[in-house]
Structure formats: structure tokens, C-alpha cells
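The structure follows.
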Amino acid sequence: MGHGIQSGMFDKLTMIVSPALTDFLSDHRWGFDKVFAPNTELYKDLNLYGDDAVEFILSFSKEFNVDVKEFDFNRHFPPEGDFVLPAIIRLLQFKSQPMYVPIKLIHLDKAIEIGRLNNELITMVNGLNN
């Protein structure tokens, strides 16, 4: 039995964030009345990065029994620290800003459904969301 995501596993994407995930977000990170949408991004919209992102994903994994062994944090979140100095150095060296693949709440909802969060899931959901 393979561990891959099978074609047809997601027939459609939901247009709302599950109540369980909404409660988790409110309880563990945002204890105020925030409206969460499936396309809400953890880094861009919820300002999660660095150690906070790692802590959040690990807490999410434990809460919902989601395997994150194959999840690449560096692909999705910048590290904590000074953003200004590295930006100046990149500018002087004519390098572009690093791009991070967004993790959205729809990814977390689908991870809860299948029990794991990895690049394969993210790619599958992104393909269905376009």
C-alpha cells in the first residue's frame, strides 16, 4: 500500500475553514474574532515565520494527529531575525528576494483529512485550487 496521495482524493475544495481548525487557530494563536478563509496564508496573512511557525505546525500536528516528518519548513517560512540587513545585501548583490511556497488554511484542512502535511499534498491542493 503506497503512501502517495491518490488521484480523486479531493473531488472539490471547501469554501470554508473547518470549525475544528478555526477553533485551534483561535485558541492557540489568535485569541480574537478573526475571520479565517481557506486561502489565508500562514506567513503572509497570519505573520507566522521562524520558530513561531515551527512551533505552530508541530502543535497542529499533535492536535490533529498529522504527520509532518516530510514537511520542509525552510521551503515555506523564512527564519526569524533581521529582515533589513539581508535585504540590503541582496540588493547590493543583485539577488532576488527568496520565494516561499505559501501554506494556506486549505492545506491544513486537507492535511487533517488525510493525516499528513507534505509537498505532495500542497502541490495537489494548489492544482485543484487554480
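The values are calculated or read from the model by the stated rules, or taken from the named source; none is laboratory data. What you are looking at is a predicted structure, and each value in this text was computed from that prediction instead of being measured. Here the Cβ positions follow ideal geometry from the backbone for every residue, glycine too, while neighbour counts run over all protein chains shown.
Taking the conditions exactly as written (in a helix (DSSP H, G or I) and either of a type in the set (A, V, I, L, M, F, W, C) or surrounded by 17 or more Cβ atoms within 10 Å (Cβ to Cβ) (or both)), does Phe71 satisfy them or not?
Criteria not met by Phe71.
Here's another thing I want to ask about it. Scan Gly31, Gly50, Gly81 and give me the residue that is over 23 Å from Pro19 (Cα atoms) and modelled with pLDDT under 85.
Working: Gly31 fails: over 23 Å from Pro19 (Cα atoms); Gly50 fails: modelled with pLDDT under 85.
Gly81 is the lone residue from the list that is over 23 Å from Pro19 (Cα atoms) and modelled with pLDDT under 85.
For segment 47-64, enumerate the residues that are over 12 Å from Phe77 (Cα atoms) and part of a loop (DSSP other than H, G, I, E, B).
None - no residue of segment 47-64 is over 12 Å from Phe77 (Cα atoms) and part of a loop (DSSP other than H, G, I, E, B), so the list stays empty.
Moving on to the next point. How about segment 89-115: which of its residues are at pLDDT 75 or above, surrounded by fewer than 20 Cβ atoms within 10 Å (Cβ to Cβ) and either under 18 Å from Glu41 (Cα atoms) or among the small types (Gly, Ala, Ser) (or both)?
To start, the set of residues in segment 89-115 that are at pLDDT 75 or above comprises 99-115.
Applying the additional criterion that residues be surrounded by fewer than 20 Cβ atoms within 10 Å (Cβ to Cβ) yields 99-102, 112-115.
Result: Met99, Tyr100, Val101, Pro102, Ile112, Gly115.
Since Met124 meets every condition but one in (1) surrounded by fewer than 17 Cβ atoms within 10 Å (Cβ to Cβ); (2) at pLDDT below 90, which condition does it not meet?
With respect to (1) surrounded by fewer than 17 Cβ atoms within 10 Å (Cβ to Cβ); (2) at pLDDT below 90, Met124 is out only on (1).
Being surrounded by 14 or more Cβ atoms within 10 Å (Cβ to Cβ), within 22 Å of Val101 (Cβ to Cβ) and at pLDDT 85 or above is the requirement here; does Phe60 meet it? Full working, then the answer.
Details: surrounded by 14 or more Cβ atoms within 10 Å (Cβ to Cβ): yes; within 22 Å of Val101 (Cβ to Cβ): yes; at pLDDT 85 or above: yes.
Against the criterion (surrounded by 14 or more Cβ atoms within 10 Å (Cβ to Cβ), within 22 Å of Val101 (Cβ to Cβ) and at pLDDT 85 or above), Phe60 qualifies.
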